[in-house]
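Chemist: Okay, handing you the structure first.
The values are calculated or read from the model by the stated rules, or taken from the named source; none is laboratory data. Computed from a predicted structure; not experimentally measured. Cβ atoms come from the backbone with ideal geometry, glycine included; neighbour counts cover every protein chain shown.
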Amino acid sequence: MLFVFGFLLGLLERKSAGYFVQGFGGRGYLPTSYIGTPVHELGHVVMCWLFRHRVGKVQWFPKRGNGTVLGYVEHSYSKSSLYQRIGNFFVGIGPMISGILALIGLMYIFVPDSYEGFMDHIDTGVQPGAVSMEMLRGVLQSSSVLFRGLFSMQNLLAPSFWLFLFLALSISSHMALSMPDIKGAASGVVTIFSGLFTVNLIGYVLNIDMNQYVAVLAGYNAYLVAFASLAVLFSLIHFAICFLLFLVKKKGLFQGNHLKL
């Protein structure tokens, strides 16, 4: 599911950036990069620390002369260590985890009522378990509750909401995984799969039912999807804004500092 959401976020990020750059140039996109990029790279760095990868050079913010590279983390690991090889997966998806946590934290600080409504609906409306249509329906309902709660009249009149919205859009628009991120995570998936296969094989030989443990892990899928949908929601809002700005610029509705009527 993380790869699915990573793909969606990547698609939305590329489309949003494309529309914005076509309409206003690359420099106009940088303000969000200075907020979203360090959150993205922080996800890589923290996972490197947790899985004992050696962190080398880190670029936290966009720099001139680096072309399209906004930030990066150089890291190394021991191929003989199973733990560190599994860590490749988590290092790769780190930006999604740090981004989701940042969005939840910002909601808690700036729009606590919307945060409580979203969390309450997840607790009551999202059923833990494997991915199913019923679970996805509950996630969509939670996203709908969040959207209505965020854009209430009370929030629209509060300056803190607009600050939250800018920060949330900046973070969500830079959560997508780059190709190196995906390749690194994929190598970790292979190691995880091999480990799980070995564990299940041992369980089969020793006549141990592993399904009960798998069921516990699968139970977290619902919460994972619900929180990941939070990032997709803000990415969709960001995409809509970039697309509308592109249309406004393309049709020449603004001329100089005046609206052309």
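Chemist: Inside the range 37-94, can you point out the residues that are part of a loop (DSSP other than H, G, I, E, B), surrounded by fewer than 14 Cβ atoms within 10 Å (Cβ to Cβ) and not polar (S, T, N, Q)?
Modeler: Passing the criteria: Arg52, Phe61, Lys63, Arg64, Gly65, Gly67, Val69, Lys79.
Chemist: Restricting the search to the range 37-62, which residues are modelled with pLDDT of 90 or more and of a type in the set (Phe, Trp, Tyr)?
Modeler: Trp49, Phe51
Chemist: From the list Leu230, Leu201, Leu206, pick out the single residue that is buried (at least 17 other Cβ atoms within 10 Å of the Cβ) and either among the polar types (S, T, N, Q) or at pLDDT 75 or above (or both).
Modeler: That would be Leu230, the only listed residue that is buried (at least 17 other Cβ atoms within 10 Å of the Cβ) and either among the polar types (S, T, N, Q) or at pLDDT 75 or above (or both).
Chemist: Please enumerate the residues belonging to the range 76-85 that are farther than 14 Å from His44 by Cα and in contact with a Phe, Trp or Tyr (Cβ under 8 Å, 6 or more places away or on another chain).
Modeler: Result: Tyr83, Arg85.
Chemist: Would you say Gln212 is assigned to a helix (DSSP H, G or I), of a type outside the set (A, V, I, L, M) and modelled with pLDDT under 80?
Modeler: It is true that Gln212 is assigned to a helix (DSSP H, G or I), of a type outside the set (A, V, I, L, M) and modelled with pLDDT under 80.
Chemist: Which residues, taken from the range 1-36, are modelled with pLDDT of 80 or more, under 12 Å from the mean Cα position of the chain (by Cα) and buried (at least 19 other Cβ atoms within 10 Å of the Cβ)?
Modeler: Listed by number, the residues that qualify are Leu9, Leu12, Glu13, Gly36.
Chemist: Within the bounds of the range 103-116, is there any residue that is in a helix (DSSP H, G or I), modelled with pLDDT under 85 and charged (D, E, K, R)?
Modeler: No.
Chemist: I need a count of the residues in the range 173-198 that are farther than 30 Å from Ser142 by Cβ, small (Gly, Ala, Ser) and modelled with pLDDT of 80 or more.
Modeler: Residues that pass the stated criteria total 3.
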